[in-house]
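Here's the structure we're looking at; comments come further down.
Throughout, read-outs are computed from the coordinates displayed, never taken from laboratory work. A quick note: this is a predicted structure, and the numbers were derived from the prediction, not measured. We place every Cβ from the backbone using ideal geometry, glycine too, and count neighbours over all the protein chains shown.
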Amino acid sequence: GDSVTQMEGPVTLSEEAFLTINCTYTATGYPSLFWYVQYPGEGLQLLLKATKADDKGSNKGFEATYRKETTSFHLEKGSVQVSDSAVYFCALSDYGGATNKLIFGTGTLLAVQP
Amino acid sequence: NAGVTQTPKFRVLKTGQSMTLLCAQDMNHEYMYWYRQDPGMGLRLIHYSVGEGTTAKGEVPDGYNVSRLKKQNFLLGLESAAPSQTSVYFCASSYAGQGNTEAFFGQGTRLTVV
């Protein structure tokens, strides 16, 4: 079945460092890909998405490119801030399915130190 | 601007007790979902609904039941709680679509079964 694999955390960075969180997927068909973020004590919220190959999603300085050839959707940010500390989830959604069900990776905890 | 509201936020149950978690959304979304979040496992889909009066099983449905009598509400029931159901439960909703629409999450219910 479909699945998402993302790098284990925690990832600890200093402020203004470059961030990469790796995400790869296995899917039949052509899924949409998402990054969701969970701040402490809150629910998940959409960070960015891409719906077809070579699409780049971006938001709040974060970017991810849908790479069909490597089945990847790595999250990057050029300069992280303390306020970016959160858990990041990579997810895919079944294309064309009448459910919008999401399949999540295990999540990566990011801790940014001043 | 409430979005998705879950009730209660915290609960402690004894093994064998029953309870119902309530999810309410005010965005007129067609689809609603219940996920559970466990350490190292990401979010897993319990049950979902694509419309009023319809429900379907997700990845981990055993031990849970759901109902969607009104479009805006999605109830998750535990008939006889077990320690394995200790988890954080998230409700989400989304518009109907081709797998590329954003899911909106509630703030979660932290359930402990002792």
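Taking the alpha-carbon distance from A:K49 and a cut-off under 15 Å, which aspartates and glutamates remain once sequence neighbours fewer than 8 residues away in the same chain are dropped? By straight Cα distance, A:K49 reaches A:E63, A:E76, A:D94, B:E102. Pairs A:K56/B:K9; A:K68/B:K9; B:K9/B:K57; A:K52/A:K77; A:K68/A:K101; A:K60/B:K70: which are spaced more than 31 Å apart, C-alpha to C-alpha? The answer is A:K56/B:K9; A:K68/B:K9; A:K60/B:K70.
Mean sequence separation of contacting Cα pairs (under 8 Å, at least six apart), scaled by the length of chain B, corresponds to a relative contact order of 35 percent. Projecting the Cα atoms of B:A56, A:V80, A:P114 onto the charge dipole of the protein assembly as shown (Cβ charges, centred on the Cα centre) puts B:A56 farthest toward the positive pole. Sorted largest first, the spans of the alpha carbon positions of the stretch A:56-106 along the three principal axes are 38, 23, 18 Å. When Rg and the Kirkwood radius Rh are both evaluated on Cα atoms of chain A, their ratio Rg/Rh stands at 0.96. Calculated FRET efficiency, A:V82 to A:K56, Cβ-Cβ distance, R0 = 25 Å: about 0.45 to the nearest 0.05. Near B:Y89, once Lys and Arg are set to +1 and Asp and Glu to -1 for all other residues with Cβ below 11 Å from its Cβ, the sum equals +4.
Shielding value for A:100-113 is 5, the average number of Cβ atoms from other chains within 10 Å of each residue's Cβ.
Here the calculated FRET efficiency for B:K9 and A:S14, from their Cβ-Cβ distance with R0 = 25 Å, stands at 0.15, rounded to the nearest 0.05. Taken along its principal axes, the alpha carbon cloud of chain B reaches lengths of 39, 30, 27 Å, longest axis first. When chain B is treated as a Gaussian network with alpha carbon springs shorter than 10 Å, the biggest mean-square fluctuation among B:A103, B:A92, B:A81 belongs to B:A103. The label point for A:R67 and the one for B:N28, both projected 7 Å from the Cα toward the Cβ, are 4.2 nm apart. The rule of thumb for compact globular proteins, 2.2 N^0.38 Å, goes into the C-alpha radius of gyration of the protein assembly as shown 1.01 times.
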